[in-house]
Ligand SMILES: [Zn+2]
């Protein structure tokens with residue numbers, strides 16, 4: 001190396017002008033959650049980190065509760081479970097800068113306080129991991145989870161694909177229930193037990209697809225094949241075999257015995 005270039009001449013020193021804080025801020029998404037009220041807008045700023053950050057304002061509209069339009073049309077006398085929380089809203093998103101595949105309308109689920117935030121984070125993990133291959137197939141597409149603080153209290157919101165079910169009404173109960181059972185079997189096939197499928201409240205529609213929503217009570221689950229075992233050769237077994245949630249779902253939705 002007597003006459004060759006020195007080691008240093010081959011490399012430029014990494015500039016220290018980009019600090020760690022600046023690097024992080026480049027990867028920070030910001031969502032300003034806007035609640036309208038009689039005394040004006042309440043705006044909460046939430047953030048997350050991702051490879052393709054967005055900056056957006058989300059204006060919340062109506063809460064999303066109750067059965068989807070097809071279930072209301074087909075089963076008008078079936079009530080929804082009491083005590084449904086008004087923490088899920090349709091929302092309009094306005095972006096500053098690039099926003100990739102983010103939609104202009106979305107579903108936003110909001111949590112306030114440590115217990116609710118922890119539960120929402122756990123639900124988001126199901127969308128990100130166990131259910132990742134079922135987004136747009138049996139569950140809505142997941143866009144992001146944002147966290148923040150209001151007066152020291154933790155808050156969070158999850159942004160999902162908006163599925164209003166208004167673009168197509170299923171007019172046949174057998175077909176609607178078949179779609180419900182297919183979606184439920186798919187989530188069990190990925191090792192997830194929903195834990196709250198007592199009525200039609202947690203099924204939404206996007207076009208002609210039925211999706212399962214609200215995994216706040218879900219648990220990981222080893223399902224025996226992901227198929228209900230209630231009906232066999234036209235006979236109905238009295239005792240559950242295989243998976244208990246699929247057994248109950250088929251009684252309620254697949255065979256319409258329990259609704
Ligand atoms: Zn199962």
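The values are calculated or read from the model by the stated rules, or taken from the named source; none is laboratory data. Remember, predicted model here, so these are calculated numbers, not experimental data. We place every Cβ from the backbone using ideal geometry, glycine too, and count neighbours over all the protein chains shown.
Search the range 203-223 for residues being over 15 Å from residue 124 (Cβ atoms) and buried (at least 22 other Cβ atoms within 10 Å of the Cβ), and hand back the single one that is nearest to the ligand (Cβ to nearest atom). Of everything passing the filter in the range 203-223, 212 is nearest to the ligand (Cβ to nearest atom).
Restricting the range 128-155 to residues that are in a strand (DSSP E or B) and within 16 Å of residue 50 (Cα to Cα) leaves a set whose member that is nearest to the chain's Cα centre (by Cα) is 142.
Being part of a strand (DSSP E or B), over 16 Å from the mean Cα position of the chain (by Cα), crowded, with 20+ Cβ neighbours inside 10 Å and in the same structural domain as residue 149 (by TED's automatic domain parsing) is a property that does not hold for residue 60.
Conditions tested, residue by residue: (1) assigned by TED's automatic domain parsing to the domain that holds residue 53; (2) part of a helix (DSSP H, G or I); (3) out of contact with any strand residue (DSSP E or B) (no Cβ under 9 Å at 6 or more places or on another chain).
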{"position": "100", "(1), (2), (3)": "yes, no, yes"}
{"position": "107", "(1), (2), (3)": "yes, no, no"}
{"position": "111", "(1), (2), (3)": "yes, no, no"}
{"position": "119", "(1), (2), (3)": "yes, yes, no"}
{"position": "124", "(1), (2), (3)": "yes, yes, no"}
